[in-house]
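The values are calculated or read from the model by the stated rules, or taken from the named source; none is laboratory data. Bear in mind the structure is a predicted one, so any value in this text is a computation, not a measurement. A quick note on method: Cβ atoms are made from the backbone with ideal geometry, for glycine too, and the neighbour counts reach across all protein chains shown.
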Amino acid sequence: MSDAIKHECGLAFIRLRKPFSYYQQQYGSVMYGLNKLYLLMEKQHNRGQDGAGIASVKLNVEPGYPFLHRMRSIETRAIADLFSQVGEEIADLEKYQPDIRNHPGLLKGHVRFLGELLLGHLRYGTQGKNNVEFCHPFIKRHTIQSRNLALAGNFNLVNTEELFGLVNIDPGVFQRQSDLAAMMEVVHHFLVMEDELTPGNPDLATVLRKSAKLFDGGYHIGGLVGNGDSFVMRDAHGIRPSYYYISDDVIVAASERAAIRTSFNVGENEVKELMPGQALIVKSDGSYAVEQILEPQERRACSFERIYFSRGNDEKIYRERSQLGYNLRDRVLKSIDYNLKNTIFSFIPNTAEVAFYGMVKGMEDYMNQIKIQRILSWGNDFDEEKLTEMINRKIRMEKIAIKDVKMRTFITEDSSRNEMVQHVYDITYGTVVPGQDTLVVIDDSIVRGTTLKESIVRMLARLKPKKIIVVSSAPQIRYPDCYGIDMSKLGDFIAFRAAIALIKERGMDDLLSRLQAECRELARMGQLHTKNLVKEIYHPFSAEEIAAKVAELITPSDIDFEVEVIFQTIESLHSACPTNTGDWYFTGNYPTPGGNRVVNQAFLNYMEGKNERGY
Ligand SMILES: NC(=O)CC[C@H](N)C(=O)O
């Protein structure tokens, strides 16, 4: 993605089902669980750049001894920072007891995070601040063991404020800003209630049933309870991804299937998807059950996971991403007037790479059809030279754009900013025939369009192509997300700015004021959740008109050749990614009632010049 949006969290959960001595014998290390947690988190490093955190619960600890630990970091290399602290703790112990690793029981007593229950989290905040206090896991302590709770998740709730009220809590300034704080209060409230009924052994399925009913949002959460029970749970629409793997030795859950496969070296089908509305509950004795907590609703798994967020090394995601590129073939061919001879294909590094291969495969298939047709049309009229020339025709692809990863840190806000920003990307010289070649560059999605305009298009222009076609493997991002991706301000979206520009151009300003009045009225009546009024902003225009305006907006004024933008259509997105039909940011169709409220609020914020999130 050319705009730096990271905006997603990742979850890692491990439950060791055997005593520590077993892991030492079987796998040669008492640190087996922590090593796997580290791997599981690093393999999801693509998620959550604000910080990371881990929590652990130890089983069978004598009363009075600590059993729940938590550590968080916002260092640049947060995961490594956390685990090097664990490493230091052990190294310190070994100074005085060099053979302590051979005594698993002793080690468990000394090393804080050597617990049987482990929870890891990578955060990119969607609420509150991006500092360490807001990093997950949150913990709640209590003198009664079974009322201690650690909680973390990949999620966003749109009814944070309401939730506090529902459990009669008057939140403090900090809590008010955090959906995790609200979730914590709710889950803890019901945990205590259940613990009162069955002391020491609260029924987690009931706790989750009562809690989840109150949440409006998309979520994949994990929790550790002080009595040794634990869970992971997924929202009723399956908005956020959730996978798990169970063996005799471990129970594992994470946000990405490939992360589990790699960390535990297991096959595709050994890793299961936790289905919408389900929870995987593990009891303190290591037994487990998958329970239906909420009635499953229409599946609306987030399509952005497939387009961009999850790693492309997942078997299915790789195929889908490639298909997204392939699906754009016909529209690109039309736009280059089928002139493959004078077209160079490339991609914006690095997340669009897989879609790029798909697009090129599409072009190759087309070219092969043409070759066959031509050769057949020759009849007997050919010689080796003619045939060689035909067979050797290739799709021209080059690595044109190069990202200078470190550039951003130095870029200031002064007048030289534009001059500097363009250098965030560099180009490969000598690849394009000036004035003759068209450049087709694929990006996975276009959010703000600023990097495209300020860096990529400007840089590519130095190669003097005849035309640049920017291809987006995602459809136009028109509406805010409110389920875990931090894109919640309408004015940030280039597709929205394009629609506004068209409205202004065509003298339709009264549409905006009418919608603003309507939104205000709905807000006054507490009815903002009833319909998405922002759809009306796009209604007068075709997708092509918006795309043409986007192209205009990303073209710097001093560029004298054509820039075109081609977006994936929503239909072809769904055909490429059939299991992830969540598309509210493209269509405005939100799966939960809070969604309409967010989009309407985002519109009011935009109209009132407030640079705030819509939830
Ligand atoms: N991206 C996420 O899942 C964020 C989790 C949570 N809403 C937070 O801001 O901490």
#### Entry: Close pairs (9 angstrom Cβ cut-off, 6 or more residues apart or separate chains): in a helix (DSSP H, G or I) in the stretch 366-381, among the β-branched types (Val, Ile, Thr) and loosely packed, with under 14 Cβ neighbours inside 10 Å anywhere
Lys371/Ile391; Ile375/Ile391
### Query
What number of residues in the stretch 324-353 are part of a helix (DSSP H, G or I) and at pLDDT below 95?
1
### Task
Could you please find all residues in the stretch 105-127 being within 11 Å of the ligand (Cβ to nearest atom) and either crowded, with 24+ Cβ neighbours inside 10 Å or not assigned by TED's automatic domain parsing to the domain that holds Ala80 (or both)?
His121, Leu122, Arg123, Thr126
### Summary
Note on the stretch 209-224: residues assigned to a strand (DSSP E or B), within 16 Å of the ligand (Cβ to nearest atom) and closer than 30 Å to Leu59 by Cα are Tyr219, His220, Ile221, Gly222, Gly223
#### Entry: In the stretch 559-580, the residues that are in contact (Cβ under 8 Å) with a residue 12 or more places away in the chain, assigned to a loop (DSSP other than H, G, I, E, B) and surrounded by fewer than 19 Cβ atoms within 10 Å (Cβ to Cβ)
Ile559, Phe561, Thr569, Thr579
### Query
Quick check: is even one residue across the stretch 409-426 assigned to a strand (DSSP E or B), surrounded by 13 or more Cβ atoms within 10 Å (Cβ to Cβ) and at pLDDT 95 or above?
no
### Message
So, Arg47, is that one modelled with pLDDT under 95, in contact with a strand residue (DSSP E or B) (Cβ under 6 Å, 6 or more places away or on another chain), in the same structural domain as Gly200 (by TED's automatic domain parsing) and within 16 Å of the ligand (Cβ to nearest atom) or not?
### Response
yes
### Query
Within the set of pairs 6+ apart or on separate chains, which have a first residue in the stretch 35-63 that is touching a residue at least 24 places away in the same chain (Cβ under 8 Å), a second that is among the acidic types (Asp, Glu), and C-beta atoms under 7 Å apart?
Gln44/Glu256; Arg47/Glu8; Gly48/Glu8; Lys58/Glu116; Leu59/Glu116
### Query
Out of all the residues in the stretch 36-78, which are more than 24 Å from the chain's Cα centre (by Cα), closer than 20 Å to Phe138 by Cβ and in a loop (DSSP other than H, G, I, E, B)?
Lys58, Pro66, Phe67
### Query
So is Leu294 part of a loop (DSSP other than H, G, I, E, B) and either more than 22 Å from Tyr38 (Cβ to Cβ) or at pLDDT 95 or above (or both) or not?
yes
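To keep it simple, each residue is scored yes or no on (1) within 13 Å of the ligand (Cβ to nearest atom); (2) farther than 20 Å from Ser242 by Cβ; (3) of a type in the set (A, V, I, L, M).
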position	(1), (2), (3)
Lys129	yes, yes, no
Phe138	yes, no, no
Thr143	no, yes, no
Ser146	no, yes, no
Asn154	yes, no, no
Asn159	yes, yes, no
Val167	no, yes, yes
### Message
If the requirement is being surrounded by fewer than 23 Cβ atoms within 10 Å (Cβ to Cβ) and of a type in the set (Val, Ile, Thr), which of these qualifies: Ile54, Ile79, Ile90?
### Response
Ile90
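Yes or no, residue by residue, for (1) polar (S, T, N, Q); (2) over 16 Å from the mean Cα position of the chain (by Cα); (3) closer than 30 Å to Asn600 by Cβ:
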residue: Met459; (1), (2), (3): no, yes, no
residue: Arg462; (1), (2), (3): no, yes, no
residue: Ile468; (1), (2), (3): no, yes, no
residue: Ser473; (1), (2), (3): yes, no, yes
residue: Ile477; (1), (2), (3): no, no, yes
### Query
Which condition number does Leu82 fail, the rest of (1) in contact with a Ser or Thr (Cβ under 7 Å, 6 or more places away or on another chain); (2) outside any helix (DSSP H, G or I); (3) of a type in the set (A, V, I, L, M); (4) within 22 Å of Asn131 (Cβ to Cβ) being met?
(2)
### Query
Is it the case that Glu315 is more than 30 Å from Val471 (Cα to Cα) and surrounded by fewer than 21 Cβ atoms within 10 Å (Cβ to Cβ)?
no
### Query
Which condition number in (1) at positive phi; (2) out of contact with any Gly (no Cβ under 9 Å at 6 or more places or on another chain); (3) within 16 Å of the ligand (Cβ to nearest atom) is the one that Ile485 fails?
(1)
### Task
Given the conditions (1) over 30 Å from Ala91 (Cα atoms); (2) in a helix (DSSP H, G or I); (3) out of contact with any helix residue (DSSP H, G or I) (no Cβ under 9 Å at 6 or more places or on another chain), report the number of the one that Asn130 does not fulfil.
(2)
### Task
Pick out the one residue from Lys403, Lys361 that is on the phi < 0 side of the Ramachandran plot, in contact with a Pro (Cβ under 9 Å, 6 or more places away or on another chain) and in contact (Cβ under 8 Å) with a residue 12 or more places away in the chain.
Lys403
### Query
Can you pull out the residues in the stretch 537-592 that are farther than 30 Å from Arg458 by Cα and touching a Leu at 6+ places or on another chain (Cβ under 6 Å)?
Ala576
### Message
Val471 - would you say it is surrounded by 24 or more Cβ atoms within 10 Å (Cβ to Cβ) and away from the ligand (no atom under 16 Å from the Cβ)?
### Response
yes
### Message
Checking Ala517 against (1) surrounded by 14 or more Cβ atoms within 10 Å (Cβ to Cβ); (2) modelled with pLDDT of 95 or more: exactly one of these is not met. Which one?
### Response
(1)
### Task
Determine, yes or no, whether Gln25 is modelled with pLDDT under 95 and either part of a strand (DSSP E or B) or in the same structural domain as Ile246 (by TED's automatic domain parsing) (or both).
no
### Message
All but one of (1) within 16 Å of the ligand (Cβ to nearest atom); (2) of a type in the set (Lys, Arg); (3) free of Cβ contacts under 8 Å to residues at least 40 places away in the same chain hold for Arg524; state the number of the condition that does not hold.
### Response
(1)
### Task
Please indicate, with yes or no, whether at least one residue in the stretch 268-277 is under 25 Å from Glu42 (Cα atoms), free of Cβ contacts under 8 Å to residues at least 24 places away in the same chain and out of contact with any Cys (no Cβ under 6 Å at 6 or more places or on another chain).
yes
### Summary
Residues of the stretch 65-76 being surrounded by 14 or more Cβ atoms within 10 Å (Cβ to Cβ) and closer than 25 Å to Val225 by Cβ, in sequence order, are Phe67, Leu68, His69, Arg70, Met71, Arg72, Ser73
